[in-house]
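Just below is one structure, and these are the notes that go with it.
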Amino acid sequence: MKVIEAKIVVLGSQGVGKTSLVVRYIGKMFSKHVSPTIGASFFTCNISVENARVKLQVWDTAGQERFRSMAPMYYRNANAALLVFDITSMQSFTAIKGWVKELQSNVPEAMVLSVVGNKSDLESLRAVPYNEATQYAATIGAAYCETSALHDQGIEKVFKNTAISLLQLSSSNLVSSLRSYDSTEEKIPTASTTNDRATHTAKVELPAWSIDSIAHGEPQKNMCC
Amino acid sequence: MASTSNDNVPQHMNAPENASDELEPGACHDSILNPTDSFEEFASEMSSSLRETCLTTKSSTISEIQSEILETAEDPKLKAAKSSDDLQTKDGSMSASASNSNLIEENGDDTDDDKDYLQSPELVNKEKHVFILSTAGKPIYSRYGNEDKLAGLCGVIQALVSVIEEQNQDILRFINTKDCKAVFLVKGPLILVAVSKSNESETQLVLQLTYAFNQIVSLLTLTQLNRIFEQRRNYDLRRLLAGAERLIDHLLVFMEKDPAFLLGAVRCLPLPEKARENITNAITTTCHKIRDLVFAIMIAGNQLITLVRMKKYTLHPSDIHLLFNLIRSSESFKTAESWTPICLPKFDATGFLHGHVSYISEDCQACLLLLTVQRDAFTTLSQAKHTIAEKMRRANCLVAINNALNRNEELSTTKPLKHIGIPEIRHFMYKCKSTAQLFSSDPISLDRLQDYRLRHKEGGDIVDKKITKLSDIDYVRNYRKFCNQIHCVATPAKLIFRSSSQDTILSWVTNGFELYVTFDPLMEKDHAIKAVDRLLRWIKKEEERIFIMNAPTF
């Protein structure tokens, strides 16, 4: 089974729902009182697509102005970016354009970009026309999706599409920072099947099993152009 | 019925101090904390002359560490990371933000509205107001109400400060009225003002304003703060502080409730000696090879569990207080591992450290901060954190921490008064000066602090109700006056014994410690002294649990 490891960064203005989006997708829940992210939060998730597994390292960044200049630290070596805006705020949509410019000038390697219009449940307050967003996404070669973290709409699709594009990107051999290798997942022993009493040693070794690149995978050479 | 003695401390009171070469309870030869007294700093703050208010920054500790690592580093990758990590505010973003701030100004209100607003229930009858504005008179923060509507008031404050400064070549420090104190602090490009009807002294209020200033520095660094206002005197700082107001809100509440601020000391989570040792070992064995790691700090519920540091460097209690505040005020750390820039003003106000912040596990509310000078260290630190958590779990440390946090009745430190067995003592707090650590008989429980949070924005009103049962907070409120007398620069008292119809309070300061005890009202002096003796012996006996008695390094 082919496994790729990719880093994805979530960017956008303050309060557009970046954390809600990520937490909805990874934690399968929604909270009305999400406190502002400080710096950036780190999540991981696995997505299975077309006989392959995409391991995503998700960097959910803070939208507040004072972290703006810290952003390069978070998007460095990223393979994909979710550019999130709030469909009820034109300002947050304009901010996306700034982010895209910054990514284009600072990230040398190809990236999978997705523009995400969040809060689609607030259709009546819409300030960013659907067409305008679609057109803009097309000009930067990005996919456009509208989502609602509140109603859990469209988020699954955003991540799935990103994963598929990452897979294509990895087979195009253009990107050196995208790690890809074959893993024989069936052979990974699981601790839960044994009836033996858990010992201290078993506990220690558990984390190591899950790192298949070290324990089991046959790491391919990093692709280089 | 107050008796204050400066020099004629009764002979037997000196006894524990000079008894032998034995150290006072809690003292050890090596301290993790920098025990500089915050009151000493206050003195220097007050002696600063007019032109020194422009903050000059000392050499950067962070670049010192970076260059030290570089000297010994063979790894060329490290060299690339030398670039300083402070925020480079680009000119482009600055002009964009400036145009935005103009917008806000245009929305500004009429002075008539202003006057009405000052009488609104949001603002009147509050025990303590805090305002922060720029030296240009732009509102940045108001504890109550909406600072946007306070432009007029800020103008007045700015005028007061600048008139005294320019016409009299002097600094405006306090204005006292019958029932109210207004305290002013000009720090670099900011003016901070506290208007208080509480019993806090001017000194204590200035210290609180300094903390508020440091909180802002901790978010932006002093370098960035100064640079912003050099470039644009009229800058609206709220843009950069968006979302951080609640940090200042919470800090102000903390300072009123927690004696740690009053004493300039850090409270430690009482733990069995062995458990603390195991936790420290879990950190040192995991991290000793991570060369850029400066501090590893584990905290829970505003209490320090352990602190491992790079040789040569210590942390100041006030920096730790800011970390406590950051962790307690930020729910977002609970959902995931975070990687965030943190500036510790006393450690190095000019730059950011990078912090890996995470809770140990879902079933243990201890939070681990790994602070480094290396901006690319996230993965390394994330792995280290998981190893540390695993080691702690195996050594049963999580259980020990949870027991202490839940204030398990079986622990002697949970209800110390009951354990000590001197019924006349109602409350005490003790600070070991050399290690800047404190212990009090009734630590504020977590949920009670949570409670203050919730009602804070609306609360803060002056209430005139009879208190039936005093809590830690009320006792601390009573100690303020004593604390102030003991730290008074002109005539510091060493021992104060005061009886009133409500209680008898004894406060005593020696070279090694500060002690504040509340007794029943009719306590005799001799009796009190005996009780204090016993109390000190108890603290000595328990010192290994209630204090951190070593200063581990990587």
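The values are calculated or read from the model by the stated rules, or taken from the named source; none is laboratory data. What you are looking at is a predicted structure, and each value in this text was computed from that prediction instead of being measured. Neighbour counts run over all protein chains shown; Cβ positions are idealised from the backbone, glycine included. Each accessible area value is taken on the protein alone, full model and side chains, heavy atoms only, with ligands, DNA and RNA left out. Shrake-Rupley method; radii C 1.70, N 1.55, O 1.52, S 1.80 Å.
Filtering region B:250-264 for residues that are open to solvent by less than 20 Å² (accessible area, probe 1.4 Å) and more than 30 Å from B:D474 (Cα to Cα) leaves an empty set. With the condition kept exactly as written, say whether any residue in region B:286-307 is more than 25 Å from B:T221 (Cα to Cα) and assigned to a helix (DSSP H, G or I). Yes. Just give me the residues in region A:5-19 being open to solvent by less than 20 Å² (accessible area, probe 1.4 Å), over 15 Å from A:G39 (Cβ atoms) and more than 10 Å from the chain's Cα centre (by Cα), in sequence order. Residues satisfying the conditions are A:G12, A:V16, A:G17. Only a single item in (1) touching a His at 6+ places or on another chain (Cβ under 7 Å); (2) at pLDDT 90 or above; (3) open to solvent by 40 Å² or more (accessible area, probe 1.4 Å) is not met by B:F554, and it is number (2). Residues in region A:20-60 that are of a type in the set (D, E, K, R) and open to solvent by less than 20 Å² (accessible area, probe 1.4 Å): A:D60 alone. Among the residues of region B:231-270, just one is touching a Pro at 6+ places or on another chain (Cβ under 7 Å) and within 14 Å of chain A (Cβ to nearest Cβ), namely B:G243. Of all residues in region A:71-98 being open to solvent by less than 10 Å² (accessible area, probe 1.4 Å) and under 18 Å from B:G355 (Cα atoms), which is farthest from the other protein chains (Cβ to nearest Cβ)? Filtering region A:71-98 for residues that are open to solvent by less than 10 Å² (accessible area, probe 1.4 Å) and under 18 Å from B:G355 (Cα atoms), the one farthest from the other protein chains (Cβ to nearest Cβ) comes out as A:Y75.
The number of residues in region A:104-129 being in contact (Cβ under 8 Å) with a residue 40 or more places away in the chain and of a type outside the set (D, E, K, R) comes to 7.
In region B:180-218, the qualifying residues are those that are more than 22 Å from B:L263 (Cβ to Cβ) and charged (D, E, K, R), and the one that is farthest from the chain's Cα centre (by Cα) is B:K197.
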